[in-house]
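Working notes, beginning with the structure itself.
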C-alpha cells in the first residue's frame, strides 16, 4: 500500500533556512524517519539527520513533527492522513547545526554540573543490598534515553534563551530525583537542585511529561517530589519544629549536603 | 503578539517565523479551562460576598463552613469567634480552600497555561519576554502548598462533620406528611453533600504534598512498610489528581447552589426519608 | 567536553590534540576502557561517531552474564567458563574466556558503586535471569533495558571523571611511526573539519559489522570501522566467518525488519511455534546439547521453577542452534504470513508479568507493529546481530599485533569462539574494556619513561586527508562517476544477506566474492553531493570502504572454513570437523592494500586444570 507522501522539511543552518517541500514514496508500516531516509537516498543525499537505533531506544532522532517534539523513528505515518503534509523541523530550543540536526551540547554541559552518585562502603561480603521497592522509583528515571525532547519542549528555555544558564531542565531534575531517592547515596542535593539547577523556575506545566517517549512521569514522580523535598528543607513548619524538638525521621541520616 | 528574539526565534536556532507549527486545535483545552475557571470564580465571588442564603436547615454551604462570623441561626457549629467581622462569614475561612487550590500542583499547571499562557500549550511559544518561574515573590509562595494541605485536612474534617449533620433529625416544622420528626433524615441535599465531601477527600488525599508527607519523602520504603503502603495508595489516587480537582470544584458549586435555591425558597428539598 | 561544538580557533585548519590514550568508540567497551585509562593516570580522550550515550550498547536488552551466585550459589566462574566455551563450540580463546568468567562479577558490582540500579532479589542482591546456554540464572539485568543502564552508568562516570569526549567525530586512519601507534586521524561529522590525535596508545572499541547485512539489529554505526582500521594498521582479524544471527528479530512492518526481540522473552517463558502451532524446537536438539536439554514439553515447562530436577527447554539452546531451526522451519513452508515464525509469551505468562519483565518489548511491539504481546504472539525471524570475529589480541592486555593498538568489545576476536552466548557481550565489554584501558595507559607511561613517544608523520596526515576527500574528487562524467553511495550500500547489504547469510555454500560464497570485487570498483566511482558540513552522503562513502573490506573478510573466511560450527553453517559441509575445530582463520591486509589474505593458525592449548572442567561432566 504505497503512496506519495508530502513532506515539508526544514533545510538550512545557523545562517538561515526554509521549509522545503518534497514528495516521497512511502509504504505501510513506515515511520517519519523511513520517509526521510528514502528522501536522503533518492533525492537529497546531503540531508542532515541524526539517528541511530531506529527503535526508540537511543534517543538520537529527536525533531519536531507538525510542531510537536517527537522521535522520528517512533512517529508512524499511519497516524496521519495520507493527504496531509507532514512538517518536520529541527528542535527549536537548541542551536541548529544543519537541517534537522541541532547542537545539544547544552544538555551535556548541564550533565557535567551535577554531582554524581557517591555510595558508602559495600557490605562485608563485597556486595550491596538494596530492596526492589527502594530502587524502583530511581529505575523509572533511569529509563531516560536522553532524547532531550523534554528539554526541547520546556518553555523555560524554549521561550527564554537567557534562562539556559540557570536552568538544568526536566531531564536533570529527574536525575536529581533519582539520586535523592537512591537508598545508598550519601549526598544531599536539595539545596543545589533549588539554587544551581533552577528547580524553582519550573512551573510544572507538564509538557515534559507529555512528550516523553519513554512515558516517564517526569513531573508527578520526579519534579514535584523534588520540589517537596526542597520544601522539607526550607519551608515546612512541622519539619522545622520536629527538628527543633528532636522528633524527626532518621531516613536521611548519613547524607551530607553538597 | 509579536515574536521576540528571546525564544524560538533566538539567533542560532532554526529560523522559523511561526510561534508554533502545531496543526491540531491546541487552544481548545486552555480555552475551556479559562472559561470554566472564570465562571467558577465569578460564581464563587458573588456567593462568598452575598453573606446570605448559605444555610437551609440542616444544610450548610461549603463556602461558609465552618461559619465563624455573625452567621444565621443554626449555621455555626463551632461558635462565632469572629462575630465582630463586618463582612460575609465566607471570607474568614475561604482563604484556606482557596489557598489550597491556588497552590495546588494541578491547578498551577491549569492556570499557568490557560490564564498566564506560560505556555498556552506544549510547543506553542508564550507571549512573555521574561520569565522567572516560581523563584520570586509572589510565586515563591507556591512552596507553602503543604501548609494549605494541613489546613485542607481540617476543612475536610469540618465538611465531613457537616455531612453528618445533614443526616440529623429535622425539626417539627420540616416533618414529612406523616408527622415523623425523629430519627435520621436524608434528602437530595444530604446526598449532594456526601458526594461533595467524598470528592473533596479524594482531591485532598491525592494531593502531591500528601503523597510526599505520607511516604514519598522516605529514601527507604523497605524500612517503613506501612508508610510505603499508604504511599502506594496515595500514588494511585494521585494519578487522577487533576480529575478530582475538577470534580470537586463542580461539586462544591453544585452543593452551594442547591442550598442557595433551598434557602431562597425557590425549590423544596427532595426528601428520601 | 569537546564534542558537538565548533572550536572557532581551528576553523579551516587542522585541529590537533595530544593524549596518552585515545579510545575510538563510546559504547560499553570504549567507556570502560577510558575510565580505566583515566584512573591509571593517563590523559584520555574518547572519540565517537554519535553523541555520547547513544552507542549500540543501549540496544542490549537481556543482561550482563556474571557468576555472582545471587540466585544459585552453585554458580562459579568455572561453570560460566565452561558454558562460554561450549557455547562457542570450543573455538574460543580459553584465556579470554577464563579472564571473562573470573572478572565479570566484580565488573558488574563496580557499576553498582557508580550508581547503576539493577533489579533486586528478595534479599536485596542483584537479581539474575535465565538465558540461552547458561546453566544457571546468571544475567544481572534491569528489566529488558540492561544495555541502557550500563551505558548510562559508564557515561555518567566518564563525565564525572572529566574525560574528554569528542562526539560525532569519525576516525578514518590509525597513524603509526616505525610500526608503533603514533596517533589517529579523523574528521568532525558536523563541520567536516579534520582532526589529528597524537597518542601512543589507541584503543579500538568500535563494535561490529552488522550494517553490511540487510536484515540486522545493528544501527548505521556498525560499519566495521575498527576491524578495517586494524587491518590497515597492520593487525590481523580472526574468526571473521562467525557471524551471529539472533534468532528473534522483528519481521514486520518492513521498516523495523531485523529489530531485536530480546532473548529474555524466551528466558522468561516464551516459546517458539510454527504456523501449524507446533513447538518445533524439540525437533532440533543437537547431540552436543542433548544431555542437558529437555525432550518433553512437561519437563521444559517445569524447568522454569525447578532447575535441579529438570533440563532446559530447547528454546534456550545457544543462539546459533535456534536461528538455524527457525530458518529451516521457514524454508519448509511453516512460516508466518510475514515470513517469520511465532514467539509466544502471551499464552504462557499473565499480562502483568510480561509488562513488568519485558517493558520495552511491550512498548516496541505496541508502538511499531500494533501488536499487544500480552495478548498475541509475536512474528519473528533471524537477524544479523553480532560478529564473533575481530582483531586478534593478546588475551591479557588486548593488544593487537601492532604495538600500541588495542581492541576491546565486539571489535576484538577470540573471546566468543564460533558463537557468543547471550549476556556474555555486556560482561565482555566491561572485563576487556578495563584490561585494554589499563594496558594502554601502562604502555603510554612506559614509553614516556623511556622518552620514546612516537611522532605523527606529517606525510601520513596529508595522505589520510587526501583519502578522506577522495569521494569529492570523482567527477560525475560519462563512463566514470555517478555511483550513489546509498545504492552501493544497499547492493552490498543485499548481497551479503543473500550469499553470506545463515546458511552458506561454496558457490554462493564465490559469487559473493566476485560481487564484492565489482562493488569495490563501483565504490571507486562514488560521487558525493554538497559540501563537508554534516554531509551523510560523504560519511557513508567513507564508511563504505570499511564495510567492503570487512565483508570480504567474512566471505573469504566463510569460504575457507569447510565445516559447520556455531555461527558458521555450510550446507555443503553440514557437520563440525575436529580438524577445523583446532584452528583459527587469520586475515590480514594484502600487499596491494585493497583486499585481504587468509592464513590458518592453531588454537592456543588449554591447560590441563581447565581441560578437566570438560571431562568431569
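For the stretch B:93-122, what are the residues that are within 7 Å of chain A (Cβ to nearest Cβ) and touching a helix residue (DSSP H, G or I) at 6+ places or on another chain (Cβ under 6 Å)? Of everything in the stretch B:93-122, those that are within 7 Å of chain A (Cβ to nearest Cβ) and touching a helix residue (DSSP H, G or I) at 6+ places or on another chain (Cβ under 6 Å) turn out to be B:105, B:113, B:118, B:119, B:122.
Here residue B:70 fulfils each of the conditions (1) more than 14 Å from chain A (Cβ to nearest Cβ); (2) at pLDDT below 95; (3) under 16 Å from the mean Cα position of the chain (by Cα) apart from (3). Filtered by the rule that a residue be assigned to a strand (DSSP E or B) and over 20 Å from residue C:227 (Cβ atoms), the stretch C:156-209 gives C:164, C:165, C:166, C:177, C:180, C:182, C:188, C:194, C:195, C:196, C:198.
Yes/no per residue for (1) at pLDDT 90 or above; (2) farther than 22 Å from residue B:207 by Cα; (3) not assigned by TED's automatic domain parsing to the domain that holds residue A:54:
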position	(1), (2), (3)
A:145	yes, yes, yes
A:151	yes, yes, yes
A:163	yes, yes, yes
A:180	yes, no, yes
A:183	yes, yes, yes
A:210	yes, no, yes
A:222	yes, no, yes
A:230	yes, no, yes
A:247	no, yes, yes
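One line per residue, one yes/no per condition, for (1) surrounded by 18 or more Cβ atoms within 10 Å (Cβ to Cβ); (2) out of contact with any strand residue (DSSP E or B) (no Cβ under 6 Å at 6 or more places or on another chain); (3) under 20 Å from residue A:161 (Cβ atoms); (4) at pLDDT below 95:
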| site | (1), (2), (3), (4) |
| --- | --- |
| B:101 | yes, yes, no, no |
| B:114 | yes, yes, no, no |
| B:122 | yes, yes, yes, no |
| B:130 | no, yes, yes, yes |
| B:133 | yes, yes, yes, yes |
| B:165 | no, yes, no, yes |
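Residue check: residue A:187 meets all listed conditions (1) more than 28 Å from residue C:356 (Cβ to Cβ); (2) over 18 Å from the mean Cα position of the chain (by Cα); (3) at pLDDT 95 or above but one, namely (3). Identify, please: which residue in the stretch C:233-249 is touching a helix residue (DSSP H, G or I) at 6+ places or on another chain (Cβ under 8 Å) and in a strand (DSSP E or B) and is, among those, nearest to residue C:584 (Cα to Cα)? Only one residue fits best here, namely C:237. With the structure loaded, tell me whether residue C:422 is over 23 Å from residue C:23 (Cβ atoms) and crowded, with 23+ Cβ neighbours inside 10 Å or whether it fails that test. Considered against the rule, which asks whether it is over 23 Å from residue C:23 (Cβ atoms) and crowded, with 23+ Cβ neighbours inside 10 Å, residue C:422 comes out as yes.
Please work out if residue A:96 is farther than 23 Å from residue C:115 by Cβ, in contact with a helix residue (DSSP H, G or I) (Cβ under 7 Å, 6 or more places away or on another chain) and modelled with pLDDT of 95 or more. Answer is no for this residue.
Within the set C:394, C:372, the sole residue that is not in a helix (DSSP H, G or I) and not assigned by TED's automatic domain parsing to the domain that holds residue C:314 turns out to be C:394. Checking each residue in the stretch B:23-34 for being within 11 Å of another protein chain (Cβ to nearest Cβ) and either at pLDDT 95 or above or under 15 Å from residue B:116 (Cβ atoms) (or both) picks out B:26, B:30. Please determine whether any residue of the stretch C:544-558 is buried (at least 20 other Cβ atoms within 10 Å of the Cβ), within 14 Å of chain A (Cβ to nearest Cβ) and closer than 27 Å to residue C:189 by Cβ. Among the residues of the stretch C:544-558, at least one is buried (at least 20 other Cβ atoms within 10 Å of the Cβ), within 14 Å of chain A (Cβ to nearest Cβ) and closer than 27 Å to residue C:189 by Cβ, which makes the answer yes. Within the stretch C:154-167, the set of residues being in contact with a helix residue (DSSP H, G or I) (Cβ under 6 Å, 6 or more places away or on another chain) and either farther than 18 Å from residue A:108 by Cα or facing another protein chain (nearest Cβ under 9 Å) (or both) comprises C:157, C:159. Listed by position, the helices (runs of 4 or more DSSP H) contained in the stretch C:415-527 that have at least 2 residues being in contact with a helix residue (DSSP H, G or I) (Cβ under 6 Å, 6 or more places away or on another chain) and over 27 Å from residue C:28 (Cβ atoms) are C:485-499, C:506-524.
Considering the stretch C:23-39, the residues that are under 17 Å from the mean Cα position of the chain (by Cα) and part of a helix (DSSP H, G or I) include one that is nearest to residue C:158 (Cα to Cα), namely C:31.
Residue A:150 falls short on exactly one of the conditions (1) closer than 22 Å to residue A:203 by Cα; (2) outside any loop (DSSP other than H, G, I, E, B); (3) facing chain C (nearest Cβ under 10 Å), and that condition is (3). Inspect all residues belonging to the stretch A:171-188 and state whether any of them is crowded, with 24+ Cβ neighbours inside 10 Å, facing chain B (nearest Cβ under 8 Å) and part of a loop (DSSP other than H, G, I, E, B). Yes: one or more hits.
When the stretch A:153-164 is filtered for residues that are facing another protein chain (nearest Cβ under 7 Å) and in contact (Cβ under 8 Å) with a residue 12 or more places away in the chain, the ones remaining, listed by number, are A:153, A:155, A:156, A:158, A:163. Among helices (runs of 4 or more DSSP H) entirely within the stretch C:251-320, having at least 1 residues that are surrounded by 22 or more Cβ atoms within 10 Å (Cβ to Cβ) and in contact with a helix residue (DSSP H, G or I) (Cβ under 9 Å, 6 or more places away or on another chain) singles out C:264-267, C:297-303. Counted as qualifying within the stretch A:195-258 are the helices (runs of 4 or more DSSP H) with 2 or more residues that are touching a residue at least 12 places away in the same chain (Cβ under 8 Å) and either within 9 Å of another protein chain (Cβ to nearest Cβ) or surrounded by 22 or more Cβ atoms within 10 Å (Cβ to Cβ) (or both), namely A:207-211, A:224-234. Flag set for residue C:135, criterion: out of contact with any strand residue (DSSP E or B) (no Cβ under 6 Å at 6 or more places or on another chain) and more than 12 Å from chain A (Cβ to nearest Cβ). Residues that are outside any loop (DSSP other than H, G, I, E, B) and more than 7 Å from every other protein chain (Cβ to nearest Cβ) were ranked within the stretch C:113-132; the one that is surrounded by the fewest Cβ atoms within 10 Å (Cβ to Cβ) is C:129. In this structure, residue A:168 does not qualify as in a helix (DSSP H, G or I) and buried (at least 24 other Cβ atoms within 10 Å of the Cβ). Annotation: residue B:140 fulfils all but one of (1) out of contact with any helix residue (DSSP H, G or I) (no Cβ under 9 Å at 6 or more places or on another chain); (2) under 28 Å from residue B:205 (Cα atoms); (3) surrounded by fewer than 16 Cβ atoms within 10 Å (Cβ to Cβ); the unmet one is (1).
Within the stretch A:116-135, the residues that satisfy the criterion of being facing chain C (nearest Cβ under 7 Å) and in contact with a strand residue (DSSP E or B) (Cβ under 7 Å, 6 or more places away or on another chain) are A:117, A:119, A:130, A:131, A:132, A:135.
The values are calculated or read from the model by the stated rules, or taken from the named source; none is laboratory data. What you see is a predicted model, and the numbers here were worked out from it, not measured in a lab. In this analysis, Cβ positions are derived from the backbone assuming ideal geometry, glycine residues included, and neighbour counts consider all displayed protein chains.
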